[in-house]
1. Could you work out Rg/(2.2 N^0.38 Å) for the range C:166-209, with Rg from alpha carbons only?
2. Please order A:His83, A:His74, A:His228, B:His183 by the number of other Cβ within 10 Å, starting at the fewest.
3. If amide H atoms are built 1.01 Å from N in the plane of the peptide, which residues on other chains or at least 5 residues away come under 5 Å of the amide H of A:Met101?
4. State, to one decimal in nm, how far the label point of C:Lys211 lies from the label point of A:Arg203, with both points 7 Å from Cα in the Cβ direction.
5. Given the options B:Ser155, B:Ser29, B:Ser197, which has the most mean-square fluctuation in a GNM of chain B, springs set between C-alpha atoms less than 10 angstrom apart?
6. Which ³J(HN,Hα) values, rounded to whole Hz and listed in residue order, are derived for the range B:159-167 from phi using the Karplus coefficients 6.51, -1.76 and 1.60 in 6.51 cos²θ - 1.76 cosθ + 1.60 with θ = phi - 60°, glycine and proline given as x?
7. What number results when the radius of gyration of the range C:134-278, computed over Cα atoms, is divided by 2.2 N^0.38 Å?
8. So if I take the centroid of the Cα atoms in the range B:22-43 and the same for the range A:199-231, what is the distance between those two points in Å?
Amino acid sequence: MREALQTLSEPLTEVPDASRPPLAEPLLSGRGLTLEIGGRRLLDAIDIDIRPGRRTLVMGANGAGKSLLLRVLHGLVSPTSGHVHWRGRPLDKAARRAQAMVFQRPVMLRRSVVANLSFALGVRGLRGAERGRRIAEALEQARLGDLARRPARVLSGGEQQRLALVRALACDPELLFLDEPTASLDPASTQAIERLVDDAHQRGVTIVMVTHDLGQARRLGDDLVFLHGGRVAETGPAQKLLDAPASEAARAWLEGRLYLGDPGMTT
Amino acid sequence: MKDFTSILAEAIGLIFAGDADLIEIIALSLKVTLSAVVIACLIGLPLGAAVGAFRFPGRTLVTILLNSLMGLPPVVVGLVVYLALSNAGPLGPLQLLYTPTAMVIAQTILVTPIVAALTRQVIEDLDTEYSEQFRSLGVGPLERMKALLWDARYSLLTVALAGFGRAVAEVGAVIIVGGNINHVTRVMTTTIALETSKGNLELALALGVVLLVIAVMVNAAVMGLRASAVRSAYA
Amino acid sequence: MFRRQFLTIAAAGLITAGLVAPLKAEEKFIVVQSTTSTQNSGLFEFMLPKFTEKTGIEVRVVAVGTGQAIKNAANGDGDVLFVHAKPAEEKFVADGNGVKRFDVMYNDFVIVGPPSDPAGVAGSNNVTDALQKIAKAEAPFASRGDDSGTHKAELRLWKAAGIDVKGASGGWYRETGSGMGATLNTGTGMGAYIMTDRATWISFGNKGEYKVAVEGDDKMFNQYGIILVSKDKHPNVKADLGQQFVDWVVSKEGQQIIADYKIDGQQLFFPNAAPSGS
């Protein structure tokens, strides 16, 4: 990872794949990811590697491009330039099916809790007994068994987010994206979500998560990518980066200061 | 002319007298209109959903077209259908002119753009909400359209009602293609037109009130269903 | 639960749609293209059940203006034409659209006017003189303006009176472009003189203070004719059933029924078919 960090800290030029050191084969990698909308550069030549079985956090100030980066990595948004590779090959349908995403505001179908789960599993081609088994399992995990027949949209925010999370996990993803899943939840609901994420991780699911919550970052993070102004300011092991940030942007953010300079510069 | 209280009294009298002719006319009105609305929904819902949910070249043009067709003058539709179904027209051999089927065809043409245009709006709004989640799940195009239509079902009931309102109140098209033939193609609106032309304004107005009462009942039934859906956050 | 309700509605709708689709194909019926005056006066309601009872043939009447009735029949959309514009009817036969024209009955046109009688024509039996007075006084006059039999007759009378109404259109001469009933409703509303057939006027329910102002001139004679649409030109015509209806209307029985039809003791139509029938 140190080599990777050095590479990333270099001037933002194209980095050929061949020159990558044969570290752990990344599950998902982005190279030179740049996104421009309406003449504004929202993501600027981002290189990122997601290693299998790890929990990678994406952090940074509001507007740093965290959510956009997740969407680009998940294939929801096409980058203006650069590319995303899944196991060393371009994203395709199979790759997308191996991923799932939970959004900050859970998107609930106007159906019952069960029907929400059933729909997602149906999309993945699951029918009959297997689908029933997975639904029961998901309800159990989310502790939503009593609410199974209720319309999903009358559930509380915490319940909805739990449902969204187990709905994503029921599809058995290798990689799970979480975009600030606990941003608007109370401590108990947050804890429930974290436990579910942790369980998934124990089962070997690779996690990529955006969060603003420092405690959560320390509890759940293995690797950390710190963004500033659409660029990678710093990457490294989460604990280490949070304890001793190298970049001015990360340091300022951790100290609660507004920082408007370049991401990597240490002044 | 009599005042409105006496017209209202006459309307209530008409409803409770249970006159066989009036019942026949009301029944035909409902049959023709509901048939047209059902067919218009079978065409307009998928069409509107497709335009609302998919991006394709010329989409804006199609949207403008659908929105404009909502204002189709009934008489023009009536004339076009007449010319098509006339014995001198291309569909003459079907012998549909001056039948309830001809009226259903004309009303379907009037109602389909309304259903399609309003459906497009409803589906587009819902798609904005669902789109990222659906793409994340990898929902296919057909599955997506079905899910959007199903989840918007209670809003789409209102859309169907808008179509029903247009059809049930329409006279210009059905009088041309139906011919307002007694016991065959005479419906509420053509009866009102006939009684007006006979100078029986009170009877015409009373029939208008009866038509309104029917429309209110249909709307109330559908909105009752929708209200229970809103309570369960399905709408 | 909601799913079930929704499906129930959809199913109910589909069933309704299915009910309308099958046509009553087995019934014996003919379509008669006719005018609003015969329908609105109630003559058909009086007359047709008697024919149906006798022959088992249902008569479906499409009542529109004479001009439109002739056009519809010329498209083959009717088996029998029953209207009141002799020259146009003769042209219809001459063009091969009809088999033969028969006189059926007559009534007469009248000019009705407001009680104030701005042109001073009330009580007149000279229509030429009355129309000239109306034009001179520029008193409002509501015309059908719809190419109907009544409209055609009215234009003939203006022409005979030497008055160009085209120039006055939009001024005192107002073309409603609608049926007789609608024109009467409009005309009485604006205090205009209106020419109408007597039958429609007698049965009209919204007369208000209006009265017949001009009547009794031979020029206001209104002849009705009946024509079987030509099967040679329009193969869908039910010639046999249609012929039965034409024969019956001009028969002694049919003619007597026309003479018997009265509103408030007033006879509306006067049968005058040639004694031999067809």
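Each value in this text was obtained by applying a stated rule to the coordinates, not by laboratory testing. Everything quoted here is computed from the prediction, not taken from an experiment. Note that each Cβ is placed from the backbone with ideal geometry, even for glycine, and that neighbours are counted across all protein chains shown.
1. On the way: Rg = 10.8 Å, N = 44, 2.2 N^0.38 = 9.3 Å.
After normalising by residue count via 2.2 N^0.38 Å, the value is 1.17.
2. Values: A:His83 15, A:His74 23, A:His228 26, B:His183 11.
With the sparsest Cβ surroundings first, the list reads B:His183, A:His83, A:His74, A:His228.
3. Close amide H contacts, sequence-distant or interchain: A:Phe177.
4. With each label placed 7 Å out from Cα toward Cβ, I get 9.7 nm.
5. B:Ser197
6. 4, 4, 5, 4, x, 4, x, 5, 6
7. 1.26
8. Cα centres, the range B:22-43 to the range A:199-231: 59 Å.
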